[in-house]
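This report concerns only the one structure given below.
Bear in mind that the values in this text are calculations on the coordinates, not laboratory data. Source: prediction; values computed, not measured. Glycine gets a Cβ as well: all are built from the backbone with ideal geometry, and neighbour counts include every protein chain shown.
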Amino acid sequence: MGRPERPLDGSTGPIAAFAHDLRVLRNRAGNPSYRELARTALFAPSVLSSAASGHRLPTLAVTLAFVSACGGDRAAWERRWRSVAGQTGGGAEVREERAPAPPAETPPDGAHAPASGVIRLARPAQLPMGSRTFVGRERDLADAAEMIGASGPVKVPLLVSGPIGVGKTAFALRLAEEVAADFPDGQLYADLSDTGSGGRSANGIVRGFLRALGVPAHLVPDDPMQRIGLYRSLLAERRLFVLLAGVRDEGQVRPLLGQAPHSQVVVTSRARLLGLEDTNRIELDTFSRRESLALIGRIAGQGRVRAELDATDTIAELCGDLPLAVNIVGRKIAARPEWAIAYTAGRLADRERLMDSLCVGDVNVRDRFTAAYEHLSPTEREAIRHFGQSGAGWTTSISIAAAMGIMIETADELLESVVDAGLLQRANVAGRYAVSRLVSAFAAERQREPGAFAAAVPMAGRRTRKNAFESLRHEAVRTLPGGSSEG
């Protein structure tokens, strides 16, 4: 329990009344000591004590930190602060953020606090290097920047989604460059694609973020919820750009979101994460042909592209205009200036060797597809393997239902799951999905695996296939454009 405070000097008028109400708030919170409050408010005990002294109006940042530590209503107190500041002309804001002084004993890492008891929070710069060959996406970038710049009480998280290899993280990094001036307090980054379960990974990421923001290790709360609460408080007080890449599901990222009036969180995911409310969304598609040619030219040289424009156009088509694949082939062309671009196009035309060709160094299209494929259920994997039978083009809920002996509604849900895995794209016609040339080639490889189809569906389901196929064939032919199945 805190010691009794000195009586307030009422000569300061509204400031004294403001300090009195801060004391009342602290008392309702159990009258914790200022040292205890400092552990969550991230301001020195002396700073928090001064805020409730009534001598001068504290800054808004100190006020909100005090209020948050005591469980008060931040929005109401911000309105109250602005009212008092307007009456007194006080409370000038400072850019310096302050953390509490460490306890009297030496911290575990041997560091010492400055004599003033003030620790400056760091300005993190965690974003990885962006692509110097980035092309296109002008409209999407403009839309995303407009969403981020929109006024409102809080910054709404932005979700960038799209299939595997479409360039979601590259897009987010370019976006970060364009809006950097609005977030002068730094950038945080985490790749969630290879982490464990949502709760553990979120808490581990938060611990790293707090250390990056300059919070001493001995002041990071042991309790996971308090740790997340402290991170959200800092997010609310500062102007940070936070990029969370490779998110698989809502549970992974939800703890990392908070009420942030000045900080922007950007999430990239193959899935649409429809469970996240109040989220702005940008869904990336594959490149236009112009963008594909521009990327190859930027990597391998515009002169070579102009000299073999038809062959380059063929390469873009064989890559399905997928940015990752186009980038890989562009680097291969650049590395072998003695080869004609037409020679590379010829190698890509071999469907059975296509996946082998889309590899350079540690960047590999097959590996990206395989990682997503292995997270699918057995039934979803079987649907993928069916894509290899018909080649690139289209598939439908009806044709998959007929082929697998399942209900059309079940097939539609199954294909939606494959969309969220990043291996399929939805068309503008209900129940119709685009199968890229690359996914089809990958699916053909999986189809050749021993026992690929037999292991996926229970015996009862397999016995119904023949009858289901016969009953649905007519419906499939009648429904698809042109009167033929495209599954």
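Below are the figures for this structure:
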{"quantity": "The stretch 289-349: translational diffusion in µm²/s, Stokes-Einstein, Kirkwood Rh over Cα pairs, 10 °C, 1.306 mPa s", "calculated": "147"}
{"quantity": "Amide H contacts under 5 Å for residue 281, placed H, 5+ residues apart", "calculated": "159"}
{"quantity": "Reciprocal of mean inverse Cα separation for the stretch 134-262 (Kirkwood radius, Å)", "calculated": "15.6"}
{"quantity": "Residue-wise HN-Hα coupling along the stretch 413-428, computed from phi with Karplus coefficients 6.51, -1.76, 1.60 (Hz; x: Gly, Pro)", "calculated": "5, 4, 5, 5, 5, 5, 4, 5, 7, x, 10, 8, 10, 7, 9, 7"}
{"quantity": "Cα-projected label distance for residue 428 with residue 334, points at 7 Å along beta-carbon direction, nm", "calculated": "3.5"}
{"quantity": "Calculated from backbone phi, Karplus (6.51, -1.76, 1.60) coupling profile of the stretch 221-229 in Hz, x at Gly/Pro", "calculated": "x, 6, 6, x, 5, 5, 5, 5, x"}
{"quantity": "Shape parameters for the stretch 252-323, alpha-carbon atoms, Rg then Dmax in Å", "calculated": "18.7, 54"}
{"quantity": "Gain upon complete extension [residue 310, residue 351; 0.36 nm per residue less C-alpha separation]", "calculated": "12.8 nm"}
{"quantity": "Estimated inter-spin distance, residue 133 and residue 254, nm [label 7 Å along Cα→Cβ]", "calculated": "4.0"}
{"quantity": "Cα-derived Rg to Rh of the stretch 342-426, Kirkwood definition", "calculated": "1.03"}
